[in-house]
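Comments concern the structure below.
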Amino acid sequence: MANHQVYIDFPGRIVFIGFGSIGQGVLPLVLRHIGIGADRITIVTADESGSEEAARYGVRLINERLTRENYRRILAPLIGRGDFVLNVSVDVSSIALIKHCWEKGAMYLDTCIEPWPGGYTDPTVPAARRTNYALREEALALRPGNARAPTAVLTHGANPGLVSHFVKQALLKVAVDLGIDAGDPRSRGDWGDLARRIGVKVIHIAERDSQVSHVPKQPGEFVNTWSVEGFVSEGSQPCELGWGTHERNFPRDGKRHDFGCQCAIYLMQPGAATRVRTWTPLAGHFHGLCITHGESISLSDYFTVRDGAQVAYRPTVHYAYHPCDAAIVSMHELAGHNFILQDKKRILMGEIDQGVDELGVLLAGHKRNAYWYGSQLSIGEARKLAPHNSATSLQVTCASLAGVVWAMENPNCGIVEPEEMNFRRCLEIAMPYLGPVVGQYTDWTPLHERERLFPEDIDKSDPWQFKNVRVIW
């Protein structure tokens, strides 16, 4: 069972923005581990799907969609100095919320950087501006002059978020096994130097969700183990990845940004339609979807080592996601209809019969080839640990809890990304909810059993080139 201790007493108010599967799953964790009464929590949500759950906990729910025109009016009486806004919504601008929180003196956390509706999918907006790279650059632009503003944590769910702490823990383990003195890395320079000395070329956020339900997906229905709208919106964005210094073959449909830190590239195709090869201990090797995620960009940027103005080292970082089988079929149907969302949507929860969400990081290219470190949380274990959660949602909600607690303990840090937080403290809070957390080496590479059926244009001089990892669009 999870440790039910209270991690922090909080005298202020908490406002949830959004109350879908993640909001409903994190609420009992907040009440369990943060010293706050239900009377000091308010939920603002665009639909009534969680109204019964909110009522069960005695939490006020305001059923009203936040828009550009009304968000200040609705939120103004709900937040003030020392309060906290937990944003687990879609289609509500993170940057607008951060600015409003700062005006009110409130802290903030989100699980991804959200734009207003259409920001991800409006075809009239250039593809470069529909990327997470662009949204991150816009959010980081708030930093000048706000170093001591109320803490605003960007992108702290399971991934992005928790996986950045997994990377640091994994680096320390590999360093020991390779006989490399890691020292006590604290700054981004220290961590970048360690990753370079270890020889990490590639970091996959490698996830395989094997949860299955006895209720089959129906035609015209999108089924998933977490937010349908969130998954579809990120899957419809251009494929993105941090671009490493070891790469020699630039993708023919790849594009570079003409602004910002230049740590990432994007492809002129949706991430949900881009397959990549990866590996996890339970699933073995499989094809995942190279969906854009904030950690692909922030990790690549954080571990960059510069020699003066030149980039001396940077890893390639990308997400490789195989969602539950029902979601794969749903996404295939969605893509066949040119990414127009199905009329019916269903989040798998109580009807899940079995399965595991295996979520971790694969650090590859070093002398031991590749090392995976992460959570192997089963649906059975998730149900024992917390109510209103699947294995997938609990990995997100416990990480969100960890980020909220860390922010409350560090209330005046301005804009913060997961890589800049105390990874040990965040793991300490999340770990009781992650099931088995394991590390395993593998000799697998993207060239494993390649060319068995047909010859391919592969780069055998370096198996970890993105050219070898990528499959098709």
Q. Among the residues of region 344-372 satisfying the criterion of being touching a residue at least 40 places away in the same chain (Cβ under 8 Å) and out of contact with any strand residue (DSSP E or B) (no Cβ under 8 Å at 6 or more places or on another chain), which is surrounded by the fewest Cβ atoms within 10 Å (Cβ to Cβ)?
A. Lys367
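Condition check ((1) closer than 19 Å to Val405 by Cβ; (2) over 24 Å from the mean Cα position of the chain (by Cα); (3) part of a helix (DSSP H, G or I); (4) not polar (S, T, N, Q)) across all residues:
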| residue | (1), (2), (3), (4) |
| --- | --- |
| Gly12 | yes, yes, no, yes |
| Leu27 | yes, no, yes, yes |
| Thr42 | no, yes, no, no |
| Ser49 | no, no, no, no |
| Ile62 | no, yes, no, yes |
| Ile79 | yes, yes, no, yes |
| Leu86 | yes, no, no, yes |
| Ser89 | no, no, no, no |
| Leu109 | yes, no, no, yes |
(Q) Among the residues that make up region 453-470, is at least one of them open to solvent by 10 Å² or more (accessible area, probe 1.4 Å), on the phi < 0 side of the Ramachandran plot and in a helix (DSSP H, G or I)? (A) yes
Q: Give region 322-343 a look and list any residue that's part of a loop (DSSP other than H, G, I, E, B) and in contact (Cβ under 8 Å) with a residue 24 or more places away in the chain, or say none.
A: Pro323, Cys324, Phe339, Leu341, Gln342, Asp343
Q.
Any residue in region 286-299 that is in contact (Cβ under 8 Å) with a residue 24 or more places away in the chain and farther than 17 Å from Leu162 by Cα sitting within a Cβ distance under 8 Å of a residue that is open to solvent by 10 Å² or more (accessible area, probe 1.4 Å) and in a loop (DSSP other than H, G, I, E, B)? List the pairs, counting only those 6 or more apart or interchain.
A. His287/Val471
Q.
For the condition closer than 23 Å to Pro411 by Cα and in contact with a strand residue (DSSP E or B) (Cβ under 9 Å, 6 or more places away or on another chain), what is the one hit in Arg72, Arg143, Arg81?
A. Arg143
Q. Among the residues of region 132-163, which ones are of a type outside the set (A, V, I, L, M, F, W, C), buried (at least 24 other Cβ atoms within 10 Å of the Cβ) and either in contact with a His (Cβ under 9 Å, 6 or more places away or on another chain) or free of Cβ contacts under 8 Å to residues at least 12 places away in the same chain (or both)?
A. Asn132, Tyr133, Thr155, Asn159, Pro160
Q. So which pairs qualify, if the first residue must be in region 201-227 and of a type in the set (A, V, I, L, M), the second must be open to solvent by 10 Å² or more (accessible area, probe 1.4 Å) and assigned to a strand (DSSP E or B), the Cβ gap must be under 7 Å, and the two must be at least 6 apart or on different chains?
A. Val202/Gly365; Ala206/Trp279; Val212/Asp353; Val212/Gln354; Val223/Arg346
(Q) Quick check on my filter: what residues within region 172-189 are surrounded by fewer than 24 Cβ atoms within 10 Å (Cβ to Cβ), in contact (Cβ under 8 Å) with a residue 24 or more places away in the chain and in a helix (DSSP H, G or I)? (A) Lys173, Asp177, Arg188, Gly189
Q | Residues of region 12-31 classified as open to solvent by 10 Å² or more (accessible area, probe 1.4 Å) and touching a His at 6+ places or on another chain (Cβ under 6 Å), total | A | 1
Q: Inspect all residues belonging to region 73-88 and state whether any of them is at pLDDT 95 or above, in contact with a helix residue (DSSP H, G or I) (Cβ under 8 Å, 6 or more places away or on another chain) and acidic (Asp, Glu).
A: yes
Q. For the subset of region 51-60 comprising residues that are outside any helix (DSSP H, G or I) and within 23 Å of Leu385 (Cβ to Cβ), which member is most open to solvent (accessible area, probe 1.4 Å)?
A. Gly58
Q: Pull up region 141-160, narrow it to residues that are among the hydrophobic types (A, V, I, L, M, F, W, C) and not in a loop (DSSP other than H, G, I, E, B), then point me to the one that is nearest to Cys290 (Cα to Cα).
A: Val153
**Q.** Qualifying strands (runs of 3 or more DSSP E) (wholly inside region 203-321; at least 2 residues being open to solvent by 30 Å² or more (accessible area, probe 1.4 Å))
**A.** 254-256, 275-280, 284-289, 305-307, 310-313
Q | Residue list for region 420-452, filter: touching a His at 6+ places or on another chain (Cβ under 7 Å) and either open to solvent by less than 30 Å² (accessible area, probe 1.4 Å) or within 30 Å of Lys384 (Cβ to Cβ) (or both) | A | Phe423, Cys426, Leu427, Trp444
Q. So which of Asp91, Asp47 ends up being of a type in the set (Asp, Glu), within 21 Å of Gly157 (Cα to Cα) and open to solvent by 20 Å² or more (accessible area, probe 1.4 Å)?
A. Asp91
Q: May I ask you to list pairs of residues, at least six apart or on different chains, whose Cβ atoms are under 7 Å apart, with the first in region 408-437 being of a type outside the set (S, T, N, Q) and the second being open to solvent by less than 20 Å² (accessible area, probe 1.4 Å) and modelled with pLDDT under 95?
A: Pro432/Ala2; Tyr433/Ala2
Q: For region 253-266, state whether one or more residues are within 20 Å of the chain's Cα centre (by Cα) and free of Cβ contacts under 8 Å to residues at least 40 places away in the same chain.
A: yes
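The values are calculated or read from the model by the stated rules, or taken from the named source; none is laboratory data. Owing to the predicted nature of the structure, the values given are computational and were not obtained by experimental measurement. All Cβ positions, even for glycine, are placed from backbone atoms using ideal geometry, and neighbour counts span all protein chains on display. These accessible areas exclude ligands, DNA and RNA; they are computed on the full protein's heavy atoms, side chains included. Shrake-Rupley method; radii C 1.70, N 1.55, O 1.52, S 1.80 Å.
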